[in-house]
Amino acid sequence: MNILKKSLLVATALGVVAIARSDVKNAAASQAEPFPLSQVRLLDSPFKQAMDLDGKYLLSLDPDRLLSWYRKEAGLEPKAPVYGGWESTGLAGHTLGHYLSACSLMYQSTGDTNYLGRVNYIVGELALCQQANGNGYVAAIPHGKDQVFGPIAQGHTDTAGFGLNGGWSPWYTIHKELAGLIDANQLCGNAQALVVATNLANWVDATTANLTDDQWQKMLVCEYGGMNEALANLYGITGNPRYLQLSEKFYDNRVLGPLSAGEDDLTGKHSNTQIPKIIGLARLYELTGDARYEDTAKFFWTQVALHRSFVIGGNGEREGFFPTNNFAKHLTAYTAESCCTYNMLKLTRHLFEWSPDAQEMDFYERGLYNDILASQDPETGMFVYLMSLKPGHFKTFSTPTNAFWCCVGTGMENHSKYGDTIFFHGDQSLFLNLFIPSELTWPEKNLVVRQETQFPESDHTKLDFQCASPVPLALRIRWPEWTDELTVRVNGKKQKISGTPGSYVTVDRQWQNGDTVDVRFQMKLRTEPLPGDSNIVAVLYGPIVLAGELGTERMPVHFADNQTDQNKTWDPAAPLFVGDAHTLLKHIKPTGDPLTFRTHDLGKPGDVTLIPFYKMNDQRYSVYWSVISPAEWQADSTNAQAQATHQMKIALSRD
Ligand SMILES: [Zn+2]
């Protein structure tokens, strides 16, 4: 019996006659589309290394341990013990959904059938659990009459799972699973995954069928992830309007009401709870063409990406949005949850499809290099949860089998899909968004484009065109906002280009086999102030955020089962920059090593070496620097702050 037949029988036993496939065309127009991941192969670079390391970690995990409580909840004997950390608490089962997505993405990115094998095995196991449950339910969260979903179905939604037998965020966890099943179907062609997903969605529908509007709104106070997005996607795949209606019910009036009216009421709200709601609206806009959803998504993106983000592209502190006039108070060890950046980049891709804008892709590049790439330990492949921006603190990475924070789940996905945004395309255009070594295969054009570059360690990138016959195409090259000068050469000949920093420049021609394009940009040091505070600055080289090496004095191991334990440890006072914010770049010189700089007569109590933040992994660092005048330093040098910073001399012994 083949997989499809078997899965349809399961579906029939559960009362689902057939899974109609009727891909719904987008109602909203798009101007650019991504390529399937399978058409973009990464060439050697830090991104390729991060992907390979992530792949090793994925294959080191035991699917039966991730499935353990799924079987327990279905009344089946677990085949292996559950993993530790958040997997054996109220978020049980969330990792399996991410794992399905990450393995599906990795299969697309590499073609390695080991990942396909993992996906097919897990989907088969989930189908068995679903059959054993008998009502469409399949998850690792308790679902009895008095447990989590039982009371919800009875209208007891005011606690929405909080404290009810250990379900922290029940719909959040169901969302991860639905998203993973949809990825298994869409990226791996697993038909059974769609059956399991639709059965589960039907169970969601039945569980919430009798809720009043008021009960719905009370329930939606609790983090529900991207339930609206997953259900919208199911509608897109099946054409079943029931899923569209259900998707639109996951609409939290309290948060989305003000946003839809152009009001930023986000201060004090949990950040990673809100971003997926907006991604769901973005998908609903694409499927329905409803401009209210488009407007809300654009407004939210502008507020968060441009007004609520740190220099690395991450946002929030202690998982929440804070007042935009007080960033300095929030430079703690609890900043920039990785999931938020994962989700903001996902949202950015939606907006870019609707109307490609270099400002969006500048933000994407910022977050990708300085937060996502920076969030993986290049030794172990493990992940950061809260990316500390507290001067003098350090990164804390997860442990392989006892952490399973939300950001471990999104982390698995982050490093499996670096190929998804390098290029986009229109009917007759190719967008070069990111300068990451890669090879694009575009069968519809009978074209292969290979991008070779050492960027950001070099200041240029080169494209090679391979095609059997000439291809007419407008090549749109991102002119990043961080460079004033951009030159484009085709086959060595300088092109006349029109554009400005923060736009796309176009080379429109018939591309011949063997054509080359060389893009060169001026990279230079620059500073960016902390929003609203010109006396606290970050230093960047081109788009790359630099961090100061501050040694390992009294630093604990840089990994943990619980990151927040590490955040309470003692940190030495960090060095300051003493000088003028306008002229401090004169005091920072390259050392000769790639992307490495040293301050001269600037840092107090000592000068520091600056390296890319994405390479800073096993010592204390500062990304933001307080800048004070020599007079202030003189006056300060007798007070307690100076006494404390004196200790940094030990850490800076390389002076
Ligand atoms: Zn997270």
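For region 371-388, enumerate the residues that are under 12 Å from the mean Cα position of the chain (by Cα) and away from the ligand (no atom under 16 Å from the Cβ).
Across region 371-388, the qualifying residue is only LEU373.
Scan region 457-479 residue by residue and report those that are touching a strand residue (DSSP E or B) at 6+ places or on another chain (Cβ under 7 Å) and either surrounded by fewer than 20 Cβ atoms within 10 Å (Cβ to Cβ) or among the β-branched types (Val, Ile, Thr) (or both).
ASP459, HIS460, THR461, LYS462, ASP464, GLN466, CYS467, PRO470, VAL471, PRO472, ALA474, ILE477, listed by residue number.
Of everything in region 279-320 that's over 24 Å from GLU481 (Cβ atoms) and not in a helix (DSSP H, G or I), which residue is nearest to the chain's Cα centre (by Cα)?
GLU319
Please name all residue pairs, on different chains or six or more residues apart, with Cβ atoms under 6 Å, provided the first residue is in region 401-413 and is outside any loop (DSSP other than H, G, I, E, B) and the second residue is within 8 Å of the ligand (Cβ to nearest atom) and of a type in the set (Gly, Ala, Ser).
From residues that are outside any loop (DSSP other than H, G, I, E, B), the pairs are CYS407/SER338.
Would you point out the residue of region 294-337, among those that are surrounded by fewer than 22 Cβ atoms within 10 Å (Cβ to Cβ), among the polar types (S, T, N, Q) and under 21 Å from ALA358 (Cβ atoms), that is farthest from the ligand (Cβ to nearest atom)?
Among them, the one singled out is THR302.
Of (1) within 16 Å of the ligand (Cβ to nearest atom); (2) surrounded by fewer than 19 Cβ atoms within 10 Å (Cβ to Cβ), LYS445 satisfies all except one. Which?
Going through (1) within 16 Å of the ligand (Cβ to nearest atom); (2) surrounded by fewer than 19 Cβ atoms within 10 Å (Cβ to Cβ) one by one, LYS445 breaks only (1).
Take the residues in region 414-427 that are of a type outside the set (Ser, Thr, Tyr) and in a loop (DSSP other than H, G, I, E, B); name whichever of them is farthest from the ligand (Cβ to nearest atom).
ASP427
Does GLY419 satisfy being touching a residue at least 12 places away in the same chain (Cβ under 8 Å), surrounded by fewer than 17 Cβ atoms within 10 Å (Cβ to Cβ) and within 22 Å of GLN31 (Cβ to Cβ)?
no
Is it the case, given these coordinates, that ALA132 is surrounded by fewer than 21 Cβ atoms within 10 Å (Cβ to Cβ) and over 23 Å from PRO81 (Cα atoms)?
no
Within region 450-488, count every residue that is closer than 29 Å to LEU546 by Cβ and either charged (D, E, K, R) or at pLDDT below 95 (or both).
Residues flagged as closer than 29 Å to LEU546 by Cβ and either charged (D, E, K, R) or at pLDDT below 95 (or both) within region 450-488 amount to 8.
Restricting attention to region 338-359, report how many residues are more than 9 Å from the chain's Cα centre (by Cα) and within 16 Å of the ligand (Cβ to nearest atom).
Within region 338-359, residues that are more than 9 Å from the chain's Cα centre (by Cα) and within 16 Å of the ligand (Cβ to nearest atom) number 1.
Can you name the residue in region 249-277 that is in a loop (DSSP other than H, G, I, E, B) and small (Gly, Ala, Ser) and is also nearest to the ligand (Cβ to nearest atom) among such residues?
The qualifying residue nearest to the ligand (Cβ to nearest atom) is GLY268.
The values are calculated or read from the model by the stated rules, or taken from the named source; none is laboratory data. Not measured: the values here are computed from a predicted model. Glycine gets a Cβ as well: all are built from the backbone with ideal geometry, and neighbour counts include every protein chain shown.
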